[in-house]
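The next block holds one structure in the form of structure tokens; read it before the comments.
The values are calculated or read from the model by the stated rules, or taken from the named source; none is laboratory data. Just so it is clear, the structure is predicted and the values come from calculations on it, not from any experiment. Note that we place each Cβ from the backbone using ideal geometry, even for glycine, and neighbour counts take in every protein chain shown. For accessibility, only protein heavy atoms count, side chains too; no ligands or nucleic acids. Shrake-Rupley method; radii C 1.70, N 1.55, O 1.52, S 1.80 Å.
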Amino acid sequence: MHFFSDNATPISPAVMTAIAAADRADHGYDGDAWSARLDGAFSDLFDTSVKALWISTGTAANSIALATLCPPYGGVLCHEEAHIVVDECGAPGFFTHGATLMPLPGEGAKLTPAVVTERLKAIRPDVHQVPARAISITNATEYGLVYTPAEVAALGDVAKAQGLGFHMDGARFANAVAHLGCAPADVTWRAGVDALSFGCVKNGGMAGEALLFFGDQADARATEAKRWRKRSGHLFSKGRYLAAQILAMIEDGLWLRNAGAANAAARALADGAAGRLMHPVEANELFVHLTAEEAAALRAQGFDFYDWGEGAARLVTNWSQDAQSVAPLVDALKALGRG
């Protein structure tokens with residue numbers, strides 16, 4: 001049983017069906033009928049005017065979003081363990097032509113207004129230092145914690161007061177919303193978010209993510225993002241196959257159903273891992289204390305997962321699992337004892 005990553009999951013059948021339905025002649029790039037529906041579909045989902053475009057990968061979505069929010073001489077305030085810092089091989093700097101990431105600490109990979117404000121106070125308003133131009137947060141975070149609407153809004157207030165762009169890496173945005181039970185708008189544009197990388201692949205897609213822009217500058221930023229997409233080699237010639245997947249996710253609620261299944265499987269595992277959890281389980285990731293011997297024992301039973309530093313492991317559930325399907329690992333964890 002695989003608990004490496006939700007990137008390793010199969011494609012959701014509805015997504016595969018949508019790809020097949022798009023397999024007919026239409027215009028190239030983003031001139032097709034499916035791509036033309038994205039703005040309207042996301043505007044309905046978020047209850048506001050949204051500019052939406054498909055992007056091939058999450059790294060490209062994050063980096064292109066930041067390129068529209070931050071100039072080459074600017075800085076992006078983010079968590080020190082954010083994906084854009086740790087796992088994107090310098091892509092934000094590449095796409096922005098040199099913007100600086102400004103990593104900050106925070107429990108559970110969350111930023112707080114206090115930490116952000118203190119960092120801003122330390123930046124002199126002269127040409128010798130990098131000025132902050134954007135904030136980027138991840139929801140759900142790299143440790144599976146979820147920012148509430150109030151927490152996002154508090155950071156949004158800082159961004160607005162300081163004239164900063166506000167980006168959300170939503171690779172697991174669906175899992176965050178499924179946990180919160182709120183409207184997608186409540187944890188994004190109503191809380192001050194300007195750009196959202198809306199994850200699809202981890203939630204049952206084959207390829208392609210959505211990049212969304214909100215607010216008064218949405219049109220201008222989306223136009224700029226389209227040029228970044230082309231210039232960086234991420235403009236698919238047959239973009240309808242990406243657009244069709246995204247529409248299949250959002251038009252009948254598949255994105256939330258899939259995320260809800262993954263979250264439920266994670267809660268079931270959390271029961272088996274009682275006494276071992278390193279962080280609360282709020283989305284579809286668990287971080288647990290395991291000795292090397294315990295990890296080896298689990299792997300010998302056919303359970304795959306990543307080690308997460310010495311004496312720890314990460315377990316990730318996905319849309320194709322539920323409490324019943326992960327029961328063997330629950331039993332195996334209980335058999336180890338409480339750690």
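What the table below lists for this structure:
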quantity	calculated
Alpha carbon centroid spacing (whole Å) that separates segment 164-197 from segment 206-231	16
Three-way shape call for segment 195-245 based on the alpha-carbon gyration tensor, with the a/c threshold at 1.5	oblate
Three-way shape label, segment 297-339, alpha-carbon gyration tensor, a/c 1.5	oblate
Accessible area per residue, Å², the chain with all protein chains present, probe 1.4 Å	42
Cut-off of 10 Å, at most 14 other beta carbons, DSSP loop: longest stretch of the chain lacking such trypsin sites (Lys or Arg not before Pro)	25-337
For the chain: rounded, prolate or oblate by the Cα gyration tensor [a/c cutoff 1.5]	oblate
Using alpha carbons only: equivalent-ellipsoid semi-axes of segment 1-139, gyration tensor based, whole Å	35, 20, 15
Solvent-accessible surface ranking, highest first, for 16, 278 at 1.4 angstrom	16, 278
Binned Cα-Cα distances of segment 122-281, short to long, each 5 Å bin given as a whole percent	2, 8, 15, 18, 18, 16, 11, 7, 4, 2, 0
DSSP H segments from the chain that extend 24 Å or more along their own axis, Cα-based, with Kyte-Doolittle mean of -0.5 or above	254-272
Average projected area [Cα convex hull, segment 248-326], square nanometres	5.6
Alpha-carbon centroids, segment 59-132 and segment 133-151: separation in whole Å	14
Surface share of carbon and sulfur [accessible, 1.4 angstrom probe, percent] for the chain	54
